[in-house]
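Read the structure below first, then the notes.
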Amino acid sequence: MAQPLRLDVRQIVAALSGLGVLLPSLSAISEDESSKGASSVEVERIVTKSKAPAACIAWKNAWVFYQYSPIDRKWHSWSTPPIAELPRRGGFSSVAASHSVVVDPLKNYSGWRFDLDQRHWREIPPSPLDGAAQGGAMYYAPIVVAVLPDRLFIWGKNRGPPHGAILDFATNRWSLVEEAPVETRWGAISGVIGGKVVIWGGYRARTKLDDGATFDVATGIWETIAAPPMPFAYGMVGTCWNGGLVIAAGRGQFRMMIYDVPSKKWTTSTDAPVEVGEYPAVTVLGDRVFLWSGHVKDSPNRRDGLTYDLLQKKWERIPAAPVEGRWLPLAFSDDERAIVWGGWLSSPDRFLTDGAEFDAKSGIWRRLAEMPGEVPRQLHPGW
């Protein structure tokens, strides 16, 4: 008698999500699995390896969530109701595996949240934070806007105290965060790892900061991060891998460093064959950090890139993409491909709607269909 076929739901979701099939987030499934006896180590790995989709928030007479699907090579979109307003000065957006948000500091970080499971927008009420003191000449200096499966965490340099708050998605209510053991800042690198928000680097006015902290959202406890092996540099970017915050690129930088949250220790990479540059696209392609484009001082924006194998500790160069180089491009990856799109040109500031897909096996690029909307200047993350 034939044996019944047994399938691991996590493997199915991971495979289909990589093809662009619109499914519930992997992090939500990992929570269900943890309640069935999965070990804490396994749950940690599942949660930290769940990824945001190839998506961003743009504006087209309303807020629009655009998601690219590699399976049909098309962009799909969902718009807010027409009552949504474009920020008068600037705003912040963040895309995660379960929800995506856009908030307006001038209106106490009220805004809109898109639920990727339900494919539905919902208003974010005003928070107890006052963001009106932020800003530069044209946009607000970016603070930490971190999206977890069930909450939104906001913290950084604003008019306060208080300087941090959490929105519970189930109740749509805000609560305050205890003051951090490090000073508030803007432009920090951050990530969500195992239920903790990891924050490092950034600026106090124009002074670079080399310290950081983790915040456990469940317990409300802050903990400082050990001193890093490298200083904060202009143009650094970050991503998450296997329980660690990966910090790469930056002006004059040839190395990366990783803060491992469970062990609370830093490690560094070997030297890259070339300077990585400022504000490249960054994502994790399998167990390789994928970096594309960005800017090297006194040079054109590069069209090629680099990968770094986190297990073999080896750099490799990747060929030039069939699209022009840029600052701050967006990125997505799974085990088969990396997708880059969007990003900005300067003088004047202009958002780009084209992109390309890099096949990890063949090393060949192909162009994407252009995104049908633009990220507005109000959501520029700042130079």
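The values are calculated or read from the model by the stated rules, or taken from the named source; none is laboratory data. Bear in mind the structure is a predicted one, so any value in this text is a computation, not a measurement. When we count neighbours, we look across all protein chains shown, and the Cβ atoms used for this are built from the backbone with ideal geometry, even at glycine.
Tabulated results
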| quantity | calculated |
| --- | --- |
| Filter result for residue 354 (of a type in the set (Asp, Glu) and either crowded, with 22+ Cβ neighbours inside 10 Å or in contact (Cβ under 8 Å) with a residue 40 or more places away in the chain (or both)) | no |
| Qualifying position, being of a type in the set (Val, Ile, Thr), out of contact with any Ser or Thr (no Cβ under 8 Å at 6 or more places or on another chain) and in a strand (DSSP E or B), among 237, 246 | 237 |
| Looking only at segment 33-86, and only at residues there that are among the acidic types (Asp, Glu) and closer than 30 Å to residue 244 by Cβ, the one that is modelled with the lowest pLDDT | 33 |
| Residues located in segment 196-230, provided they are closer than 20 Å to residue 167 by Cα and outside any strand (DSSP E or B) | 217, 218, 219, 220 |
| Selection within segment 61-103 - within 29 Å of residue 187 (Cα to Cα) and either basic (Lys, Arg) or free of Cβ contacts under 8 Å to residues at least 24 places away in the same chain (or both) | 61, 62, 85, 88, 89 |
| Residues of segment 61-90 satisfying the condition of being among the aliphatic types (A, V, I, L, M) and either within 21 Å of residue 338 (Cα to Cα) or part of a loop (DSSP other than H, G, I, E, B) (or both) | 62, 71, 83, 84, 86 |
| Filter result (touching a residue at least 40 places away in the same chain (Cβ under 8 Å) and among the charged types (D, E, K, R)) within segment 272-286 | 278 |
| So residue 316, is it over 19 Å from the mean Cα position of the chain (by Cα), acidic (Asp, Glu) and over 24 Å from residue 187 (Cα atoms) | yes |
| Check on residue 334, assigned by TED's automatic domain parsing to the domain that holds residue 239, in contact with a helix residue (DSSP H, G or I) (Cβ under 8 Å, 6 or more places away or on another chain), crowded, with 19+ Cβ neighbours inside 10 Å and touching a residue at least 24 places away in the same chain (Cβ under 8 Å) | yes |
| Breaking point among (1) more than 28 Å from residue 299 (Cβ to Cβ); (2) surrounded by 14 or more Cβ atoms within 10 Å (Cβ to Cβ); (3) of a type in the set (Val, Ile, Thr), for residue 224 | (2) |
| Conditions (1) farther than 22 Å from residue 268 by Cβ; (2) in contact (Cβ under 8 Å) with a residue 60 or more places away in the chain; (3) buried (at least 17 other Cβ atoms within 10 Å of the Cβ); number of the one not met by residue 303 | (2) |
| Residues satisfying the stated conditions in segment 152-183, i.e. touching a Gly at 6+ places or on another chain (Cβ under 6 Å) and at pLDDT below 95 | 158 |
